[in-house]
Ligand SMILES: Cc1ncc(COP(=O)(O)O)c(C=O)c1O
């Protein structure tokens, strides 16, 4: 399919100068694994730690207000309410929350698509000893989630939960979340979304997609610290869900130190009841900054920039003999990930690496994932390496 390359809407040079300390001799194209930490996120975490070492400088605002700012930023990102956000250490925690707290009886069925990242499989498998069945629906011939087959399966009347990645980790296939969300809602199926490969690059509105629970980690497209993330629990759902892992901070009594020893079994309002114990405040302060940075730049603009960079590559790849593009190039299926397979994946990957182009191999293909800090010149460098020996 011929592509027209538009111009990027981002001021990449100034963004790089301010926020991303990337080396000039390296082309970093691996945000889908780990993105660089945004400079302002690093500074926020470092300055928090500095106040912590000078402990008397740590003030009230360093605790609850720090967490609330992060919930607010996360809520803006997915157009939800801060009350619907619980801060979590990674995506897996959020998916486990869904698996443990949704009302699943013995005999209930959970459906996932084949080729889901395992973070969205094991937490459901773990319910096997409670008699909950996990059914993995095969991908289509191209290795993308087979949406028609999934819908057909969901329509049979016996499914309790459908859990899906917004963007598939290896091919970058963007799921039709709206369609699935509506379908699930109409049939009373809980819809759980793993959003880590989307948030920060692909716009996502928790209401429009009708997600019940959505989980993410902060270290990929959100350019935040390791060990940060959040889960969204739909507002009218969280009053019905009982935390299965309970911490003192889940409880209302923890808001008043004079009352902590009352051991009062009363949860905090909102999704905060799923937050357990003391958290990495310094990193959460960092995540707030990186999410705010992305919001300031604009997720739609980031998406347009990333697609534009990938298009430059797609056009070149389509000209190279023996190269197969595994990502779906339909506009509504695009994301920040592009997967392609030259005749010799290992050799081309080694050549890219030797030239300072850092990407990765997933599921037998080279996976490229640029972000807001990458430039057209960098894509030209990649193409030069790819063309060197043709394939
Ligand atoms: C789709 C998807 N989900 C989850 C994860 C990671 O999960 P966690 O944040 O729990 O490490 C990854 C990548 O590492 C991923 O690609």
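Data for the structure
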quantity: Rounded Å value of the spacing that divides the Cα centres of the range 88-134 and the range 301-365; calculated: 31 Å
quantity: DSSP bridge orientation in the range 93-184 - percent antiparallel, rounded to nearest 5; calculated: 10 percent
quantity: Calculated log₁₀ intensity ratio I(q)/I(0) where the Debye formula runs over C-alpha points of the range 256-367, q = 0.21 Å⁻¹; calculated: -1.17
quantity: Mean Cβ neighbour count within 10 Å, used as a protection proxy, ranking 32-45, 122-135, 194-207 highest first; calculated: 194-207, 32-45, 122-135
quantity: Length-normalised contact order for the chain - Cα pairs under 8 Å, 6+ apart - percent; calculated: 24 percent
quantity: Taking the range 232-388 and dividing mean pair separation by its residue count, relative contact order in percent (alpha carbons under 8 Å, at least six apart); calculated: 17 percent
quantity: Difference of contour (0.36 nm per residue) and Cα-Cα distance, residue 252 to residue 54; calculated: 68.3 nm
quantity: Inverse mean reciprocal Cα-Cα distance (Kirkwood Rh) of the chain, Å; calculated: 21.9 Å
quantity: Among 347-358, 303-314, the order from most to least packed when residues are scored by Cβ within 10 Å on average; calculated: 303-314, 347-358
quantity: Considering only the range 99-253, percent of DSSP beta bridges that pair antiparallel, nearest 5; calculated: 25 percent
quantity: Volume in Å³ per residue [convex hull over Cα atoms, computed for the range 32-81]; calculated: 92 Å³
quantity: The chain - share of DSSP beta bridges that are antiparallel (%, nearest 5); calculated: 45 percent
quantity: Stokes-Einstein D in µm²/s, Kirkwood radius over Cα pairs - the range 1-144 at 37 °C with 0.692 mPa s viscosity; calculated: 164 µm²/s
quantity: Kirkwood-based shape ratio for the range 261-301, expressed as Rg/Rh from alpha carbons; calculated: 1.21
quantity: Over the range 185-251, relative contact order from alpha-carbon pairs under 8 Å, at least 6 apart, %; calculated: 26 percent
quantity: Peptide ranges 150-157, 209-216 listed from the most packed, as the mean C-beta count within 10 angstrom indicates; calculated: 209-216, 150-157
quantity: log₁₀ of I(q)/I(0) at q = 0.25 Å⁻¹ - the range 79-143, Debye sum with one point per alpha carbon; calculated: -1.07
quantity: The range 79-204: C-alpha gyration tensor shape, a/c 1.5 cut-off, then a/b vs b/c; calculated: rounded
quantity: Global form of the range 315-390, assessed from the alpha-carbon gyration tensor, a/c cut-off 1.5; calculated: rounded
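Values quoted throughout were computed directly from the atomic coordinates according to the rules given, and no laboratory measurement underlies them. All values derive from a computational prediction rather than experimental measurement. For neighbour counting, all protein chains shown are included, and Cβ atoms are generated from backbone atoms with ideal geometry for every residue, glycine included.
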